[in-house]
Amino acid sequence: MLISNKMQLALQTGAVIPRWLVWVCAKDESTGELQKFGLWSGDDDASFEIDGEVREYLASGGFITMSDPTYEAGTNVQKQRLTFSMLSDEVKAAVQQYSLRLAPVEIHLTLHDVETWEIVDVARAFKGTVEDPAISDSAKSDSGTSSSTLELSLVSTSRAGTRTLAAKKSAASLRLRNESDRGRAYADLAGADIDVEWGEEDSSGYFVRR
């Protein structure tokens, strides 16, 4: 994680309060559209400007924990685990509305002045995707209430480099760009005899001949 000189000086004074911002772009289960939402370890919903974009974050209070960030040079896949405990009904409803698996995610660190609560600066701590989301409910207490916990296993963007060539250029991926593209229809069949026609026009407009 790269932090500015301003953040380094503020950390040296110790007169700052760190908070984590989590931003996710996930599919809305009800509409199928991609939606962006944020959670942060503050006590109230708040807006933050990230890379020139104003983002809205729902408050998760002190109930967001993160495994110690690890950084190293190279293309190794970095992993991160986030846990949100004691979810509010609002946050739980938002989470359950979206499909989080493989959703792009960003984590930022923001520092606040301990006296004025003004933002000192913001730095990106992690960028990747959600690999394994899990939400669970605890047993009900004597008062009939229960709490929910959300755990997200994240992998860095380096994971994209581990995909095989077939995964990048499969017949299915080509049809996402052009539904009539059949150029790799038999790419996953090695050593098989395929009866393909060439030269005459079929019902799809292809010129085929047996």
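Please enumerate the residues belonging to the range 102-130 that are part of a strand (DSSP E or B) and of a type in the set (Asp, Glu). Result: 106, 113, 121. None of 117, 40 is at pLDDT 85 or above, closer than 27 Å to residue 10 by Cα and loosely packed, with under 12 Cβ neighbours inside 10 Å except 117. The single residue among 70, 83, 65 that is within 19 Å of the chain's Cα centre (by Cα), at pLDDT below 85 and part of a strand (DSSP E or B) turns out to be 65.
The values are calculated or read from the model by the stated rules, or taken from the named source; none is laboratory data. Remember, it's a predicted structure, so these values are computed and weren't measured experimentally. In this analysis, Cβ positions are derived from the backbone assuming ideal geometry, glycine residues included, and neighbour counts consider all displayed protein chains.
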